[in-house]
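**Student:** Dropping a structure here in structure tokens format, bear with me for questions.
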Amino acid sequence: MKFGPEPELIESPLSRTLEQAGVRLTINIVRLATERGWSLEVVNEHGTSTVWDNPFATDREADAAFREALIQEGIEAFLGK
């Protein structure tokens with residue numbers, strides 16, 4: 001089976017690793033080169049991923065959504081098994 005070329009992925013400079021209360025999170029803010037919307041994914045140290053369903057207009061909006069979730073729900077929101 002032949003697949004087409006992999007799409008180019010653009011990573012935001014706002015992507016990062018964060019450690020809080022002994023918990024390490026990787027915040028991935030990316031978009032496809034051919035698309036305008038940015039996606040947000042937070043991965044904990046166990047590989048569990050939390051992905052927002054809808055794209056964001058800017059990478060800053062995606063980062064703000066992560067920060068808001070962290071403030072509202074705490075680091076525990078990203079500790080799912």
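The values are calculated or read from the model by the stated rules, or taken from the named source; none is laboratory data. Worth saying up front: this structure is predicted, and the values here are computed from it rather than measured. Reconstructed Cβ throughout: ideal geometry from the backbone, glycine too, with neighbour counts over all protein chains shown.
**Student:** Do we have Leu32 as without any contact (Cβ under 8 Å) to a residue 60 or more places away in the chain and touching a strand residue (DSSP E or B) at 6+ places or on another chain (Cβ under 6 Å) here?
**Tutor:** For Leu32, the condition - without any contact (Cβ under 8 Å) to a residue 60 or more places away in the chain and touching a strand residue (DSSP E or B) at 6+ places or on another chain (Cβ under 6 Å) - is not met.
**Student:** Residues being over 20 Å from Leu79 (Cα atoms) and either surrounded by 11 or more Cβ atoms within 10 Å (Cβ to Cβ) or in contact with a Pro (Cβ under 7 Å, 6 or more places away or on another chain) (or both): count how many of those fall in the range 20-38.
**Tutor:** Residues in the range 20-38 being over 20 Å from Leu79 (Cα atoms) and either surrounded by 11 or more Cβ atoms within 10 Å (Cβ to Cβ) or in contact with a Pro (Cβ under 7 Å, 6 or more places away or on another chain) (or both): 8 in total.
**Student:** Being in contact (Cβ under 8 Å) with a residue 24 or more places away in the chain and not in a strand (DSSP E or B) is the filter; apply it to the range 41-60 and report the residue that is farthest from Gly22 (Cα to Cα).
**Tutor:** My answer is Pro55.
**Student:** Counting only residues that are surrounded by 17 or more Cβ atoms within 10 Å (Cβ to Cβ) and over 23 Å from Gly80 (Cα atoms), how many does the range 39-67 have?
**Tutor:** 2
**Student:** Continuing with this model, one more query. Answer yes or no as to whether Leu14 is within 16 Å of the chain's Cα centre (by Cα), modelled with pLDDT of 95 or more and assigned to a loop (DSSP other than H, G, I, E, B).
**Tutor:** Answer is yes for this residue.
**Student:** If you don't mind, there's one more thing I want to ask. Does Glu68 count as farther than 20 Å from Glu11 by Cβ, part of a helix (DSSP H, G or I) and over 11 Å from the mean Cα position of the chain (by Cα)?
**Tutor:** So Glu68 passes the test.
**Student:** Return yes or no: is Glu76 assigned to a helix (DSSP H, G or I), within 21 Å of Thr17 (Cβ to Cβ) and out of contact with any strand residue (DSSP E or B) (no Cβ under 8 Å at 6 or more places or on another chain)?
**Tutor:** yes
**Student:** For the range 38-81, which positions are among the β-branched types (Val, Ile, Thr) and touching a Leu at 6+ places or on another chain (Cβ under 9 Å)?
**Tutor:** Correct list: Val42, Val43, Thr48, Thr50, Val51, Ile75.
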